[in-house]
Amino acid sequence: MPTLEIPRVIRHVRQRLGLSQEGLSRRLNATKGAIQHWERGRNQPDLARLFLLRSLCPAGPERKEVDGLIRQAQERVATSPEDKVRRPRGRSIPDTGSQMLQRENGRLRQQLTKLQSSVERRTEQLRILEDLAAELQKQVAELKAEKGASKYSSASVAQSHTE
C-alpha cells in the first residue's frame with residue numbers, strides 16, 4: 001500500500017467538508033495550531049482524532065483516504081519501538097493490548113495498596129487525635145468545675161469574714 005501524504009489528505013478532507021482550520025479544530029477537539037501543523041506536515045494526528053475525522057467524512061474517496069491514514073497510524077503504533085517487550089534472549093515482540101492492560105492494572109493495584117495503607121495510617125492518627133481531644137475536654141470540664149467550686153468556697157469564706 002502506498003504511503004498517503006497526511007498533510008494533503010487532511011487539507012483535502014477539510015476543504016471538502018467546507019471547514020476552516022478553526023472549524024475543524026472545534027470538531028476534532030484540537031487547537032487551530034494543531035490543524036496547521038498537521039497540514040504542514042510538522043505533526044501527525046493521533047488515532048482518536050483520525051477516527052473523529054473519519055466520522056465527519058461522508059462516504060466517498062475522502063473517507064477512504066482517512067481510512068488509509070488510520071491504517072498507517074495503526075501500523076506505526078504496532079511497530080513503534082516503545083511498544084515492544086524484551087525477551088530474555090534479546091528478541092523483541094510487539095506488546096499486545098492485554099499485556100499493556102495487565103501492566104497498567106498492576107501499577108494501579110500498587111497505587112491502590114499505597115493509598116489504602118495511607119488511609120489506614122491517617123485513620124489511626126485521627127483516632128488518636130480524637131482521643132486526645134476528648135481527654136482535653138474532660139480536663140477542661142474538671143478545671144472549670146474546680147474553679148467554680150473554689151469560687152463558691154472563696155465566696156463563703158469572704159462572707160464568713162464579713163459577718
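Just so you know, all these numbers are worked out from the coordinates, no wet-lab data involved. Just so it is clear, the model here is predicted, and its values are computed rather than measured. Reconstructed Cβ throughout: ideal geometry from the backbone, glycine too, with neighbour counts over all protein chains shown.
In terms of modelled amide H atoms, which long-range or inter-chain residues lie less than 5 Å from the amide H of residue 43?
So residue 43 has HN proximity to 38.
Starting from the Cα of residue 138, draw a straight line to each of the lysines and keep only those under 26 Å, dropping any in the same chain fewer than 8 residues away.
Within the straight-line limit of under 26 Å, residue 138 reaches these lysines: 147, 151.
Can you compute the FRET efficiency between residue 145 and residue 119 using 1/(1 + (r/R0)^6), with r the Cβ-Cβ distance and R0 = 30 Å? Round to the nearest 0.05.
Using R0 = 30 Å, I get an efficiency of 0.20.
May I ask you to derive the relative contact order of the range 6-82, considering only C-alpha pairs under 8 Å and at least 6 residues apart, and to give it as an integer percent?
Across the range 6-82, relative contact order equals 30 percent.
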